[in-house]
1. Kindly indicate whether any position in region C:224-247 is in a loop (DSSP other than H, G, I, E, B), at pLDDT below 90 and surrounded by 19 or more Cβ atoms within 10 Å (Cβ to Cβ).
2. Within region A:101-115, can you find the residues that are under 14 Å from A:Ile264 (Cα atoms), in a helix (DSSP H, G or I) and of a type outside the set (A, V, I, L, M, F, W, C)?
3. In region A:1-50, how many are under 36 Å from the mean Cα position of the chain (by Cα), crowded, with 17+ Cβ neighbours inside 10 Å and among the aliphatic types (A, V, I, L, M)?
4. Does B:Asn137 qualify as being over 18 Å from B:Phe54 (Cα atoms), in a loop (DSSP other than H, G, I, E, B) and either modelled with pLDDT of 85 or more or not small (Gly, Ala, Ser) (or both)?
5. Hey, among A:Gly97, A:Gly153, A:Gly137, which residue is within 13 Å of the chain's Cα centre (by Cα) and assigned by TED's automatic domain parsing to the domain that holds A:Gly377?
6. Among A:Gly206, A:Gly165, A:Gly225, A:Gly183, which is at positive phi, surrounded by 15 or more Cβ atoms within 10 Å (Cβ to Cβ) and of a type in the set (Gly, Ala, Ser)?
7. Checking the structure you have, find out if any residue of region B:97-115 is facing chain A (nearest Cβ under 9 Å), free of Cβ contacts under 8 Å to residues at least 24 places away in the same chain and under 18 Å from B:Ser209 (Cα atoms).
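The values are calculated or read from the model by the stated rules, or taken from the named source; none is laboratory data. Just so you know, these numbers come straight off a predicted model, no measurement behind them. Ideal geometry is used to build each Cβ from the backbone, glycine not excepted, and the neighbour counts take in all protein chains shown.
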Amino acid sequence: MGKDLIQKYLKDSLFTGIVALALFGPIVGLRTVAKNEALVVQPKWFVVFLIVVACAAGRFLINIYQFRKEQRRGEQSSFGKAVSHFLDEKGAQIAIGAIVFSVIFPFMPFADRYWMDIAIMMMTYIMLGWGLNIVIGLAGLLDLGYVAFYAVGAYSYALFAIHFGWSFWICLPIAGVFAAMFGVLLGFPVLRLRGDYLAIVTLAFGEMVRILLLNWYELTKGPDGLTGIPRPSFFGLPFKRYPDEGVETFHTFFGLEYSSMQRIIFLYYLILVLALITNFFTIKIRRLPVGRAWEALREDEIACKSLGVNPRNTKLTAFAIGAMFAGFAGSFFATRQAFISPESFTFIESAIIVAIVVLGGMGSQTGVVLSTVFLIGLIEVFRDFESYRMVAFGGAMVLIMVFRPRGILAKRKPTITMGKHG
Amino acid sequence: MEYFLQQLINGLTLGSVYGLIAIGYTMVYGIIGMINFAHGDIFMVGAFVALIAFILFALTSISLPIVLILVLLIAMVFTACYGWTVEKLAYKPLRKSFRLAPLISALGMSIVLQNYVQAAQGARIKTLQPVIQGGFNFFKDSNFVVTLSYLQIFIILVTITLMTIFTLLITRTALGRAQRACEQDRTMTALMGINVDRTISMTFIIGSSLAAVAGMMFVMYYGVIDFYIGFLAGIKAFTAAVLGGIGSIPGAMLGGLLIGLIETFWSGYISIEYKDIAAFTTLVVVLIFFPTGFLGKPDIEKV
Amino acid sequence: MSSALLDVENLTMRFGGLIAIDDLTFSAKKDHITSIIGPNGAGKTTVFNCLTGFYKASEGSMYLNKDNKKLNLGKFSDFKVAQKAGVARTFQNIRLFPQMSVLENMMVAQHNKLMKASGFTILGLVNSPSFLKKEKEAIEISKYWLNIIGLTNRADDNAGDLPYGDQRKLEIVRAMCIEPNLLCLDEPAAGLNAKESAELNKLLKFIKNDKKTGILLIEHDMSVVMGISDHVVVLNYGKKIFQGTAKETKNSPEVIEAYLGTDE
């Protein structure tokens, strides 16, 4: 590596440093703090200095790394290739292993309340990811307002349960149907829009739903939210420590000591079953004509039209089915929390679910699981770091897109093969 | 009547701010065909930079007009750096990738910017003491006094000046020509010897500078900002860009004024809580009936 | 009642001030291969786009005569032209589904009848035997066509991985899967070498004779046009300047001047 090249890289680092100074100087270096009703500026030059140096040094190292990579042209990101090859080959086995693991998870020694809560949260996101996978991954429709259907499911479940007292098993399908109807309503006017526009419109829809929930006090109690959502029961047996007169509870029926974990474990299996239903449904429907049409529409809509495929109805079906699963997930969320408010249904939720689907590899079911574990894991592990963890989250989105735009598991297998029938 | 006039004045002022942001959206869409989701947050960064600059200058005894010019320039320069960096890091590597990739990347950048500012500056809202006070009062003897503040005049004048400079830039200079060429056919433009990367960077720089000005106006006008203003303003400004026809710069400003008026009149006459829904509904309605906006160029895919 | 399969009358297409097609009248017979030729920009692909519902014609009419019924093609929107009128087409820049396999491409073409068989998905979800039977039939149809073009052993490969010539052939047989009355091919021989063009001719003749499907062809490759056309329509600047048999066309002075040129 010649002296000229080193000089070039040094100049590059200097430039990077200057840009970093411009970027981080004002915002990081001059923190505004409230003092006696007014704002004053608190300089933080040392932090800025560290960041600038880190950027300059980082740039230098990246340049060297790329230079070295150029020299060793033959090996192209061998690590990445090995990982994706492994995942492709062992895909089915990994999936089965994951399912077995998730079934026995609650009985593992470390599965205490904290871990069970995390597992339930992850499973909920996985289900939402699988649901949105139908819309974005299979049909290629960029929906940035998926949280709206989640909210419709949660609120309709809560309202039916609170006002009519129907059981979970009745309210769940109703909430799903509601959400699906909502999906058709929303989708009908806008699904013919082109990618970017559809994205912004669905984002707007998501926000409109949230604003409505926030302000329609008579129906949704606005920011106060809905409380007193009935807790789930084990097919009629409530999970109560102190049962009402003459009512059997779960623990008395099975002759066990009462433990608050019983309800949690039930909830876990509930979301696990719901998620698996979503998954198997998706795998099945990909093999059917409508699923194939989704993927074909994603590839080339004009070619589809020339073959007589009705794009609007096909897209609406994807949208409605995706909405339905979000509705089911919303019902689960409502009964698990026993309390819902518009705060849980913000745009960032939609963004997280979109990130899960795209980073996992569009259309890949296993990919959704992997990216959920990674992204939600990231958010959880860094929970104490508040805003910084979201910076890391956004950064992860950018980095994965830049280095692996097709997602973790990008390879697609055909849903029907001649080999089997030939 | 007086109330109507006041809403009109307020609406046009707000609309100017939205219009400045909308131009950034429309320019980027015109040249690389993507919606820059992070643009609204660039506007937010501009507001913060302006806020910090105002606070610092308040400690000096520099006269107001000079402070205004300095803050304007400072906001533009530093925010332009953000726009430039975002493009280089998150969009340029994905220029040849499939449609969704830069969109997701932009989404990620938006999340990064919002939380980065929140982490660096704290989550609380920030306030700014009024910088320009006073104005003209009309209809002093009626029930409702109409005020046209000096600040409002300032905002509208700055907007008009920038629009003029900017339109001259686009139509008369080589940069403008290069931009229009890139919009039409990037490969061919490159083959003609034009530095496409630099043209695209300049587009982001100009768009971000205008957003910075909008940010400065915003913080002066409302006196309150937080890290979240970019999200809402972004959607509304994008609506404005679409209304005016994505790809059309005068359309973007027109759309901005329209959205500002819609929002202000809705708040003034119907309800304040649902004013954001007014903007969103406009977006949906416009896209349903005018997929390419009022003044936009139709997007015919060659079959 | 006309004996022709397709009757185009006074078709005019305007884009703002530009007249792309100017008062075009021609017919295509059911047992014919009709070629539309002419210089670039003459309006040939525009005619196809009008026929297949991608453009709305400014003036004029297009009728498809099917089972003693006269269908007004102008009334059908894009996908309905294929679905209801049975007009299939291929594209100048091949439009396959590149990330889907060859077989999957063929199955998408049989979407509508499979959708009905799957009871709009409900029957399909429960593996109903009637659906499975229809699916098997669809696979057999796909196999049949893939055999004809020699791609059976590549049925599970991604369509985008095929060599160019095979992609062209695949696009044609995929269009045949919708069992069309009229097949519109937009420059099917573009980029093919002499051997591949000869194979294309064979395929098209087979489709005309065995499948009794009328073919409308846009082409620049004269070996294909002259080799298989029963009827030729020549366009220049949106206007029809000649129509006749292949031999007549080759010898027509107007056509030679506008397009063919002479052997120097």
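1. Looking for residues that are in a loop (DSSP other than H, G, I, E, B), at pLDDT below 90 and surrounded by 19 or more Cβ atoms within 10 Å (Cβ to Cβ), one finds at least one in region C:224-247, hence yes.
2. A:Pro106, A:Arg113, A:Tyr114
3. The number of residues fulfilling the criteria is 9.
4. no
5. Only one candidate qualifies: A:Gly137.
6. A:Gly225
7. No.
Yes or no, residue by residue, for (1) over 23 Å from B:Ile235 (Cα atoms); (2) assigned to a loop (DSSP other than H, G, I, E, B); (3) not assigned by TED's automatic domain parsing to the domain that holds A:Met127:
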residue: A:Pro189; (1), (2), (3): no, no, no
residue: A:Leu193; (1), (2), (3): no, yes, no
residue: A:Ile211; (1), (2), (3): no, no, no
residue: A:Glu218; (1), (2), (3): yes, no, no
